[in-house]
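Some notes on the structure that comes next.
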Amino acid sequence: GYQKYQDSGVEWLGDIPEHWEAVGLTKYLQSLVDYRGKTPEKTKDGIFLVTAKNIKNGIIDYSLSQEFIKEDEYDEIMRRGKPEIGDVLLTTEAPLGEVANVDNTNIALAQRVIKMRGKIGVLYNYFLKYWILGASFSQNIQSLCTGSTALGIKASKLCLLKVVLPPLNEQEKIAQFLDYKTKQIDELIKKKETLIEKLDEKRTAIISHAVTKGLDSSVPMKYSGIEWLGDIPKHWEVKRLKFVVSKIIDAEHKTALYDDNGDYLVVRTANVRTGELLLENAKFTNESVYKEWTVRAVPEQGDILFTREAPAGEACLVPEKPIVCLGQRMVLFKFDKNKYNGYFLLQSLYSGIADEFIKSLSLGSTVAHFNMSDITSIPLFIPPYNEQKQISKHLDQKTAQIDQQKAKIKEAIELLKEYRTSLITNA
């Protein structure tokens, strides 16, 4: 800590060390370039175009979006200023306020990216990056934003942004300290994210084994008739989906008619993931549309919803509430609930059977969508009803345990991210 602090004169900033200054950001920039203008033509290869999507967590992540421009157009596109190592890139919208230092000069910069360079000997570029990553800067930038849903900032407003200016050697020390600390935190986060991936794999493997081999490894087995699957318990039946379900309804709607005040959920492919119905970004419709759409069949609790594409082969059960109808590319399966356990059927479809079936159908091409005839031919392995119920119960417990573990790890990741921000802000 320092001996003496002073009021920075900036409300959201509070006190700062006495020998530091709070100054207008643009005053201490050697250059500031906004690349707004016409979008350059994209090519298959050439010079890498860094877009707002590539700037995340304080670095340029080249894997997040890969676009290129023609080499011979580079000079024209970058005529306002070519990048130098260390230059600070700031995204102006979608998302706003992400930042990174240039680590490679052989790049072009897209619209919605602003490039700043601190005055040599006054403002250290790597310190500037951390200043932007801190919570106080993000409060500052949010307060200057325009646009209700997509927040954005105009270059002309950047002169209103403030930066705290310690002496240069302190800026360098702070940046080095934060490089070291954030690297440690980021490695921890990465480890935890890998752990989540491993848990997801484990979850899939547990489900897949239970719905194709059963829970008792001592029962006699027989060949399933399906090469990639091998053997299944001898007393199970192999049935195509069309002989299991009593009704298959394909949603053939024209464009969806949404009504924000409606009470009926329109299930779109985006709402069905990992065996569950997600209500984020849900769309609703009203009673008259619902009635029109459910003439052929009303989705009831326990029926199965299945996606034909985008991506194909996702499935979930119809919940008790909200009342649902089908959006485009959705399919509804009805079945005899006294003969088949819905959760078991869901996990069977979901265990990779539909997935593998898709792969064998599309024969290595990337077209991941089902025709109705494909869907009716998906193979299922059917144990006696009581055994279906046992397997469901077993899977329910096992997946719940894994989901709990995942939730704990996600919470830990969030805490680490908060810690990272507060560490940067305090430094």
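The values are calculated or read from the model by the stated rules, or taken from the named source; none is laboratory data. Here the structure is a predicted model, which means the values were calculated and not measured. Glycine gets a Cβ as well: all are built from the backbone with ideal geometry, and neighbour counts include every protein chain shown. Calculation scope for accessible area: heavy atoms of the full protein, side chains included, ligands and nucleic acids excluded. Shrake-Rupley method; radii C 1.70, N 1.55, O 1.52, S 1.80 Å.
Which numbered condition trips up Thr376, out of (1) in contact with a Phe, Trp or Tyr (Cβ under 8 Å, 6 or more places away or on another chain); (2) at pLDDT 80 or above; (3) open to solvent by 10 Å² or more (accessible area, probe 1.4 Å); (4) within 22 Å of Trp228 (Cα to Cα)? Here Thr376 clears every test but (1). Taking the criterion of being in contact (Cβ under 8 Å) with a residue 24 or more places away in the chain and either open to solvent by less than 40 Å² (accessible area, probe 1.4 Å) or basic (Lys, Arg) (or both), the residues of segment 207-226 that qualify are Ile207, Ser208, Ala210, Val211, Thr212, Gly214, Ser224, Ile226.
Answer with yes or no whether Glu237 is of a type in the set (Asp, Glu), at negative phi and out of contact with any strand residue (DSSP E or B) (no Cβ under 6 Å at 6 or more places or on another chain). Answer is no for this residue. Summed over segment 12-29, the residues that are aromatic (Phe, Trp, Tyr), open to solvent by 30 Å² or more (accessible area, probe 1.4 Å) and closer than 20 Å to Gly121 by Cβ give a count of 1. Going through segment 227-241 one residue at a time, which ones are open to solvent by less than 70 Å² (accessible area, probe 1.4 Å), out of contact with any Gly (no Cβ under 7 Å at 6 or more places or on another chain), closer than 17 Å to Pro384 by Cα and not charged (D, E, K, R)? If the condition is that a residue be open to solvent by less than 70 Å² (accessible area, probe 1.4 Å), out of contact with any Gly (no Cβ under 7 Å at 6 or more places or on another chain), closer than 17 Å to Pro384 by Cα and not charged (D, E, K, R), then Ile232, Trp236, Leu241 are the ones that fit. Within the set Leu199, Leu265, the sole residue that is in contact (Cβ under 8 Å) with a residue 60 or more places away in the chain and not in a helix (DSSP H, G or I) turns out to be Leu265.
If you go through segment 207-242 and keep only what is of a type outside the set (D, E, K, R) and part of a strand (DSSP E or B), you end up with Met221, Tyr223, Ile232, Pro233, Val238.
Being of a type in the set (Val, Ile, Thr), within 30 Å of Asn281 (Cα to Cα), at pLDDT 95 or above and not in a loop (DSSP other than H, G, I, E, B) holds for only one residue in Thr194, Thr204, and it is Thr194. Could you list, ordered by first residue, the pairs with Cβ atoms under 6 Å in which the first is in segment 15-27 and without any contact (Cβ under 8 Å) to a residue 24 or more places away in the chain and the second is outside any loop (DSSP other than H, G, I, E, B) and open to solvent by 10 Å² or more (accessible area, probe 1.4 Å), at least 6 apart or interchain? Partner pairs satisfying both residue conditions: Asp15/Tyr5; Asp15/Asp7; Glu18/Gln6. Could you tell me which residue of segment 104-118 is nearest to Asp72 (Cα to Cα), considering only residues that are more than 27 Å from the chain's Cα centre (by Cα) and open to solvent by 10 Å² or more (accessible area, probe 1.4 Å)? Within segment 104-118, the match that is nearest to Asp72 (Cα to Cα) is Asn106. The residues in segment 165-180 that are acidic (Asp, Glu) and over 15 Å from Leu133 (Cα atoms) can be counted, and the count is 2.
Residues that are among the hydrophobic types (A, V, I, L, M, F, W, C), open to solvent by less than 50 Å² (accessible area, probe 1.4 Å) and farther than 21 Å from Trp20 by Cα: does segment 119-132 have at least one? Can you show your working first?
Of all residues in segment 119-132, those among the hydrophobic types (A, V, I, L, M, F, W, C) come to 120, 122-123, 127-128, 131-132.
Next, from what is left, pick out any that are open to solvent by less than 50 Å² (accessible area, probe 1.4 Å): 122-123, 127-128, 131-132.
Then drop every residue that is not farther than 21 Å from Trp20 by Cα, which leaves none.
No, because not a single residue in segment 119-132 is among the hydrophobic types (A, V, I, L, M, F, W, C), open to solvent by less than 50 Å² (accessible area, probe 1.4 Å) and farther than 21 Å from Trp20 by Cα.
All of Lys337, Lys291, Lys359 fail the test of being open to solvent by 70 Å² or more (accessible area, probe 1.4 Å) and not in a helix (DSSP H, G or I), apart from Lys337. Within segment 184-212, count every residue that is under 30 Å from Pro384 (Cβ atoms) and in contact with a Gly (Cβ under 9 Å, 6 or more places away or on another chain). Result for segment 184-212: 4. Only one entry of Thr307, Thr285 meets the criterion of being buried (at least 17 other Cβ atoms within 10 Å of the Cβ), at pLDDT 85 or above, over 26 Å from Ala354 (Cα atoms) and not acidic (Asp, Glu), and that entry is Thr285. Would you confirm, using the coordinates I've provided, whether Ile77 is at pLDDT 95 or above, open to solvent by 10 Å² or more (accessible area, probe 1.4 Å) and of a type in the set (A, V, I, L, M, F, W, C)? No: the conditions fail for Ile77. Screening Gln171 with (1) in contact with a helix residue (DSSP H, G or I) (Cβ under 6 Å, 6 or more places away or on another chain); (2) surrounded by fewer than 18 Cβ atoms within 10 Å (Cβ to Cβ); (3) among the polar types (S, T, N, Q) gives one miss only, at (2). Put simply, of Ile185, Ile248 the only residue that is open to solvent by less than 80 Å² (accessible area, probe 1.4 Å), under 30 Å from Leu133 (Cα atoms) and within 34 Å of the chain's Cα centre (by Cα) is Ile185.
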